[in-house]
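Peer 1: Next up is a structure, given as structure tokens.
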Amino acid sequence: MKILLITLHSQNNNFGSVLQAYALYTYLEKQGYEVEVLDYRPFYSNGITSIRRFFTKIAANMLFLIPYLIRSRRFETFISTQKLTRRYSSYRELEAKPPVADVFLIGSDQVWNTEYHCGNDNTYYLKFVHSPNKLSYAASLGRKIEKTAELVKLKNRLSDFKAVSLREEVSVQQLQEIGMTQARYVLDPVFLLDREHYRQLERRVNAENYILAYVIQKDPFMEKVITMLAARLHKKVIQIGGFAKKCQADEIVRTAGPAEFLAYVAQADFVITSSFHGTAFSLIYQKQFAVVMPPTNRLRVENILNSAGVLKRVIHTPDDLAIVDQAIDYSEVQPNLNRLREMSKHFLNDALSECCVSK
């Protein structure tokens, strides 16, 4: 049975997007399915969503041209390990000549967040598909939806899906409350693979005795926390992700691809992050870590912390920094994640089995 995976597989050289797509692709292949990733790269997939953003990005890429080229090559090399369809650059192109598959599976990341272009793109609601075998695995709305009309619109868009699962429990509850009782909560795809699998993907880096700072965007409070954390733990700080300086760091890594990112997490003594996938991989690698909530779309980070039973790892004020002196006991965390991991696999395997029957 052939599965077409539709997700944010190459989003703007984003570690989390690329790794969640890889994880779901790899898990499905391990189950014996033929899998292909829709190589859909509309104008917004490179992060250029406005004229101002275009010029900002061009300036940054020119300023850091060599790191940009190295990073891009590393991302494309990693993405190319998966079987991709021909490249599509617009929904119209996709609708005119869609790929053929037995099952069409919407993958994870914030594909249904209507504050982003992807959440308003019919591609991620499979409107180009004429098949009864439409599924979603760990799709994300990214936030709690305040307007009932928006939830109803989403429900209508998904009315012909055979099975629907989402990455945030609040989103599941909201959809169930308006009658979409089949909606289910599952873990992000990165949790479908274990630490040992990711260890095989790492490209070792020359770094030790450091705090890894994976910061979504520059934030004065996060900067203050990182400076205090470095003094408290007596370690240097390595910043990863993007080109801009986002904190007081001893080193800024601008050339990392997914394999290097995994190595930096693996070798870190401590991780400080505002990223969902920074949090997810800290849990997978069983790292000591702390989170400063991002200014927007906090729901996804809160959800995984709550699911793992480590919500207390959030730093809200400088006084909360004392939590770093309390080690995370992974003998308590792992049973929570293992239970949810098995539940997630069960949902996906059952949904695909239903498609095999109706094929």
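The values are calculated or read from the model by the stated rules, or taken from the named source; none is laboratory data. Treat the numbers as computed from the prediction; the structure is a model and nothing was measured. Cβ sites come from the backbone with ideal geometry, for glycine too, and all protein chains shown count toward neighbours. To get the accessible areas, we keep the full protein, side chains included, count just its heavy atoms, and leave off ligands, DNA and RNA. Shrake-Rupley method; radii C 1.70, N 1.55, O 1.52, S 1.80 Å.
Peer 1: Residue by residue through the stretch 1-48, note down the ones that are of a type in the set (Gly, Ala, Ser) and surrounded by fewer than 17 Cβ atoms within 10 Å (Cβ to Cβ).
Peer 2: Correct list: 32, 47.
Peer 1: Of the numbered conditions (1) at pLDDT below 95; (2) within 25 Å of residue 319 (Cβ to Cβ); (3) among the basic types (Lys, Arg), residue 232 fails exactly one; give the number of that condition.
Peer 2: Going through (1) at pLDDT below 95; (2) within 25 Å of residue 319 (Cβ to Cβ); (3) among the basic types (Lys, Arg) one by one, residue 232 breaks only (1).
Peer 1: Would it be correct to say that residue 157 is modelled with pLDDT under 95 and more than 21 Å from residue 317 (Cβ to Cβ)?
Peer 2: For residue 157, the condition - modelled with pLDDT under 95 and more than 21 Å from residue 317 (Cβ to Cβ) - is not met.
Peer 1: Moving to a separate point now. Name the residue, out of 231, 249, that is open to solvent by less than 30 Å² (accessible area, probe 1.4 Å), more than 20 Å from the chain's Cα centre (by Cα) and free of Cβ contacts under 8 Å to residues at least 40 places away in the same chain.
Peer 2: Answer to the selection: 249.
Peer 1: State which residue is farthest from residue 122 (Cα to Cα) when the search covers only the stretch 137-162 and only residues that are touching a strand residue (DSSP E or B) at 6+ places or on another chain (Cβ under 7 Å) and open to solvent by 40 Å² or more (accessible area, probe 1.4 Å).
Peer 2: Only one residue tops the list, namely 162.
Peer 1: Can you tell which of 351, 266, 327 is part of a loop (DSSP other than H, G, I, E, B) and either of a type outside the set (Asp, Glu) or open to solvent by 20 Å² or more (accessible area, probe 1.4 Å) (or both)?
Peer 2: Just a single option satisfies the conditions, and that option is 327.
Peer 1: State yes or no: is residue 211 among the hydrophobic types (A, V, I, L, M, F, W, C), at pLDDT below 95 and in contact with a helix residue (DSSP H, G or I) (Cβ under 9 Å, 6 or more places away or on another chain)?
Peer 2: no
Peer 1: A further question on this structure: Residue 79 fails exactly one of the following numbered conditions: (1) out of contact with any His (no Cβ under 8 Å at 6 or more places or on another chain); (2) of a type in the set (A, V, I, L, M, F, W, C); (3) in contact (Cβ under 8 Å) with a residue 24 or more places away in the chain. What is the number of that condition?
Peer 2: (1)
Peer 1: Which residue is modelled with the lowest pLDDT, if the candidates are limited to the stretch 24-48 and must be touching a Phe, Trp or Tyr at 6+ places or on another chain (Cβ under 8 Å) and not aromatic (Phe, Trp, Tyr)?
Peer 2: Restricting to residues being touching a Phe, Trp or Tyr at 6+ places or on another chain (Cβ under 8 Å) and not aromatic (Phe, Trp, Tyr), the top hit is 48.
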